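Have a look at this one before I ask anything.
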Amino acid sequence: ERKANVDKEKALSDSQRDLNSLIGQIRGMENDKRMLEQKQQFLEQNMHKSNLDIQAATGRVTQLENDLEHYRSELNLAKREEARLEEELETAEDNLKKVQESHGSIKAELDDIVNSQQEAERALFSLEKQKAVNLNEIDNYQRLIEQNKLDIEVRMEEVSSLKAQIEAIQKQEEGKRIALENLEKAEEGRLENIRLAEKELETLQKNMTRVNRELDAKRNEFKLTQSMIENLEGFPESIRFLSGNKEWSQEKPLLSDILYVKEEYRIAIENYLEPYLNYYVVENLEEAQQAIRLLSNSQKGKANFFLLDAFTNYEAPMKMLPGTQHAIDLVETDMNYRRLCGYLLENVLITDNEHFDLKDIEEDVTILSKSGSFIRRKFSVSGGSVGLFEGKKIGRKKNLEVLEGSIKKLEREENRHSTAFYNLKSKIENLKTGNNNPEIHRERNALNQLTQERVSLSTRLENFQTFIAEADEKFRKSDQAIKNLQASNTAIDKDLENKMGIVSGVKEQIANMDGSYREVAEELSLASANFNQKNIAFIQQQNKVGAFQREVVFREKQLEETLASMDSNQRQLKENSEEIKQIQVQADELQQGLLVKYEERKGKESSLTEAEQLYFSARGGINEIEDDLRQTGRARQDAQVLINQLKEKFTDLKFQVSSVAQRLKIEFEMEINDIINQEPENPMQDPEELEIKVDRMRRRLENYGEINPMAVEAYNEMKERFDTITKQRDDIIEAKDSLIATIKEIEETATVQFLDSFSKARLYFIDVFRSLFTEDDNCDLLLLEPDNPLESKIEIVAKPKGKRPQTISQLSGGEKTLTAIALLFALYLLKPAPFCIFDEVDAPLDDANILKFNKIIKKFSSESQFIIVTHNKLTMASVDTIYGVYMAEQGVSGVSPVDFRDFEHKATFEVSR
């Protein structure tokens with residue numbers, strides 16, 4: 001039955017463990033489902049934002065296309081007008097030349113006057129031309145200001161959107177951070193609860209061990225006391241005979257059995273009553289005589305008896321000394337034995353003072369030491385050391401009942417500890433199954449993703465704010481330039497007024513001359529004025545065409561960027577849509593799995609409930625069976641007593657001798673004859689005391705088992721190693737947490753700095769690339785993974801005029817070299833270096849590109865020193881100093897410098913084209 005109960009308990013524990021494991025799986029699946037829902041919500045928000053961006057971009061594309069169509073139309077009209085004006089200008093110029101050629105023979109005076117007039121008209125033309133140029137530039141600046149205003153408005157809308165996104169992400173980030181902190185606190189609380197529960201379990205195990213040891217000790221003492229009572233060990237043969245004789249009443253107790261004394265006074269009273277403890281207590285003389293006759297007839301020795309009827313009228317005197325108490329007050333017995341005990345303990349006093357003065361006391365008073373170290377009688381004093389087994393003889397039956405009560409109490413305590421141990425074990429298993437580390441890891445990854453997105457958006461916001469600041473600066477500069485140009489036009493108007501006065505004076509001089517001269521002058525003036533007007537109109541139209549061309553290029557660039565952004569948003573929208581579909585599929589699978597797990601949990605919970613009911617019902621049945629077993633054991637013991645009384649008398653002594661001989665042979669490998677022939681070392685030692693001592697030593701040896709002498713050293717060594725490993729583990733965990741925090745901080749800082757440097761390098765790259773190619777050419781640096789900039793690859797795109805956008809690997813050799821040089825100088829502008837070394841970089845370049853390369857080297861040579869290894873003559877001619885390397889003798893090199901700054905560069909050194 002007990003084994004079945006253990007199996008049920010094990011089955012209950014397995015069911016509880018399976019249920020806890022299943023609950024842990026359900027929690028993990030529910031957490032995964034919540035994470036998928038959050039991710040789906042985040043993706044839907046991104047899709048909504050992408051849709052809004054696409055709608056805005058679509059409107060922007062439509063506007064830009066309309067603007068491009070308008071400006072291209074205007075550009076075509078302006079070009080046709082420019083061609084017409086150019087043709088009229090050529091006609092006016094031809095007409096002017098004809099007039100000038102037809103009047104070449106005019107006199108010197110008229111020539112001087114005409115020259116003065118022409119000079120004045122040229123000055124007048126120059127001023128009018130400058131004024132027209134200024135007016136055209138004012139128009140360009142005003143258009144640029146309007147364009148900057150539009151760009152700023154667009155960027156401000158994007159800045160507002162980015163700020164709203166950053167604020168939303170910061171709220172999500174704060175929520176994730178709080179959730180992560182709560183999870184970490186819950187995990188710390190769970191670990192702390194496990195530690196406290198394990199500590200409580202350890203304390204409970206110690207208590208269970210203590211209770212088991214006490215229970216074993218009490219059971220062994222109970223068995224020993226019961227055996228001594230049943231076998232009457234330590235009593236003479238006559239007592240054992242009378243106790244087992246059916247002809248004599250078994251209700252006749254011994255004196256030692258009718259007394260019970262508290263343990264602290266038991267030794268003292270037992271020592272005093274030692275001569276009378278083997279006395280039988282009978283009612284009258286007839287019962288004593290009957291026992292004496294039985295002993296005589298059976299030749300079983302002698303016995304002593306107390307006659308209760310002899311104490312009927314006895315009254316014990318009561319004397320008292322300071323610092324003592326009556327021994328009779330410390331004895332518990334039935335009322336019919338009270339007078340007998342009073343007689344035996346007449347004038348017997350007990351003192352707690354071990355140094356009690358024994359000289360001046362009354363002669364009829366007996367003083368006992370509480371510890372049993374001395375007894376002061378009327379004419380004698382006895383005392384000495386206290387034996388190990390003293391105090392064990394008196395009150396054995398009463399002590400047996402006390403032991404039985406203690407055993408029951410300890411058994412109840414053992415059952416209570418076992419139940420508490422099982423509950424605590426289940427609690428620890430439940431706590432261990434509730435591990436939050438996977439959820440903490442998921443929350444931390446989500447928090448890192450939000451942080452990276454926030455950093456990316458912050459970088460974009462900073463770029464937009466930088467663009468707005470630069471646009472404001474351009475606006476300020478343009479406004480200042482307009483004011484300067486207007487002031488210049490005011491001054492030009494004053495000069496024009498003066499020049500017009502001069503021209504009028506010259507015309508008056510010509511008018512005073514002969515009519516023919518006036519006609520010639522008039523014709524020449526009209527031709528010249530017509531030419532000047534046509535020339536001014538042509539120049540103004542050229543500026544207008546240039547302005548329209550710049551507007552078309554600018555709108556095309558904006559259209560290209562908007563289309564790229566819209567394409568990126570559409571790709572992102574498609575990816576998000578596909579990912580949402582996958583998430584929905586995963587969520588459906590998780591939901592189905594959760595439904596299955598829920599059903600499985602219901603089944604396991606019902607199974608656990610049934611197992612608990614079976615276990616506790618079996619536990620109650622075992623307790624009832626144990627009670628029945630104890631009652632059966634007591635009945636068996638009573639039957640054993642009857643059986644022992646029926647043993648044959650003639651085999652007693654022979655059996656005892658044989659038993660002792662066998663024990664000596666088995667336990668000590670000695671023959672009984674050797675013991676008989678030896679002289680005893682202590683002939684006065686009590687055999688019963690020796691028997692108890694031997695039995696106790698035997699049990700101790702059996703309990704010890706095999707002894708490991710190195711156990712303490714091994715324990716200390718293992719404990720030291722365990723402490724060292726635990727400390728190292730704690731250090732590693734602490735270092736890990738610190739390293740994760742450092743990596744996170746480095747990633748955030750590096751992301752911000754990288755995006756800032758990348759944005760600057762991109763702008764520098766575009767500027768240098770256009771300076772090496774033309775202003776119409778374009779290039780770009782693209783991050784292939786903008787969401788993960790630190791791990792992203794960088795694609796270099798070059799857009800030479802008239803070609804499709806190409807990566808650097810698709811360019812020609814010279815274009816590759818110039819693009820690489822542009823990238824190098826972009827990095828140089830980002831972080832200038834004091835020295836730059838180029839090793840035959842100009843080898844793939846043609847003469848035109850060599851000149852561009854030398855020009856940019858000259859431009860940056862004021863800030864850094866450039867060392868160029870080259871075989872190109874144009875590069876050699878453009879440097880400040882050339883070093884020729886030669887070998888004066890075998891194995892010995894030399895350098896010969898030539899400073900070109902002392903020479904003037906002429907075309908004879910250039911390569912013919």
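Pop a pseudo-label 7 angstrom from the Cα along the beta-carbon direction at both Gln533 and Glu575 and give the gap in nm to one decimal.
Distance between label points: 6.5 nm.
Using the count of nearby Cβ atoms within 10 Å as a rough guide to exposure, how do Phe769, Phe305 rank from fewest to most?
Least to most surrounded, the residues fall as Phe305, Phe769.
Enumerate the calculated ³J(HN,Hα) couplings along region 313-319 in order (Karplus 6.51 cos²θ - 1.76 cosθ + 1.60, θ = phi - 60°), each rounded to whole Hz, writing x wherever the residue is Gly or Pro.
Here the 3J(HN,Hα) series is 9, 7, 10, 6, x, 10, 10 Hz.
Another question, if that's okay. Report the gain in length on full extension from Asn297 to Lys557: 0.36 nm times residue separation, minus Cα-Cα distance, nm rounded to one decimal.
Result: 79.6 nm gained on full extension.
State the volume of the convex hull built on the alpha-carbon positions of region 716-831, expressed per residue in Å³ and rounded to an integer.
Considering the Cα atoms of region 716-831, their hull volume per residue is 148 Å³.
Shifting gears a bit: How much length is gained if the chain between Gln753 and Asp899 is pulled fully straight, taking 0.36 nm per residue apart and subtracting their Cα-Cα distance, in nm to one decimal?
Working it through step by step, the gained length comes to 48.3 nm.
Follow-up. What does the charge count around Ala446 come to, taking other residues whose C-beta lies under 12 Å from its C-beta (Lys +1, Arg +1, Asp -1, Glu -1)?
Overall, the nearby charge balance is +2.
Continuing with this model, one more query. Could you name the lysines in cross-link range of Lys507, using Cα to Cα under 23 Å and dropping any fewer than eight places away on the same chain?
Counting by Cα, and skipping residues close in sequence, Lys507 has these lysines nearby: Lys97, Lys98, Lys107, Lys129, Lys494, Lys499, Lys534.
So what are the ³J(HN,Hα) numbers for region 47-61, from phi and the Karplus equation (6.51, -1.76, 1.60; θ = phi - 60°), rounded to whole Hz, Gly and Pro as x?
So the Karplus estimates, Gly and Pro as x, are 5, 4, 5, 5, 4, 4, 4, 5, 4, 4, 5, 4, x, 5, 4 Hz.
Find how much the distance from Arg72 to Val885 grows on full extension, using 0.36 nm per residue of separation minus their present alpha carbon separation; answer in nm with one decimal.
Contour length minus the Cα-Cα distance gives 286.9 nm.
Fewest first, what order do Ser238, Ser418 take by the number of other Cβ atoms within 10 Å?
Least crowded to most crowded, the residues run Ser418, Ser238.
Can you list residues from other chains, or at least 5 along the same chain, whose modelled amide H is less than 5 Å from the amide H of Glu346?
none
Here's another thing I want to ask about it. What are the residues whose amide H is under 5 Å from the amide H of Asn778, where those residues sit 5 or more places off or on another chain and H is modelled from the backbone?
Placed amide hydrogens put Lys799, Lys801 under 5 Å from Asn778.
In this model, which of Lys39/Lys744; Lys10/Lys218; Lys10/Lys33 are farther than 27 Å apart at the alpha-carbon?
Check vs 27 Å cut-off fails for Lys10/Lys218; Lys10/Lys33.
Another question, then. What Kirkwood radius, in Å to one decimal, follows from the Cα pairs of region 832-913?
It works out to 14.2 Å.
Whole-Hz ³J(HN,Hα) for each residue in region 558-566, computed from phi via Karplus 6.51 cos²θ - 1.76 cosθ + 1.60 with θ = phi - 60°, x for glycine and proline: what do you get?
5, 5, 4, 5, 5, 5, 5, 4, 5
Could you pull out every residue, at least 5 positions away or on a different chain, whose amide H is within less than 5 Å of the one on Ile375? Hs are placed 1.01 Å off N in the peptide plane, and Pro or chain starts have none.
For Ile375, whose amide H was placed from the backbone, the distant partners under 5 Å are Ser382, Gly383.
Would you mind checking the pairs Lys544/Lys852; Lys302/Lys370; Lys199/Lys427; Lys474/Lys801; Lys557/Lys760 and listing those with alpha carbons more than 21 angstrom apart?
Lys544/Lys852; Lys302/Lys370; Lys474/Lys801
Every number here is computed from the coordinates shown, using simple stated rules; none is lab data. Worth saying up front: this structure is predicted, and the values here are computed from it rather than measured. As a convention, Cβ positions derive from the backbone with ideal geometry for all residues, glycine included, and neighbour counts pool all protein chains shown.
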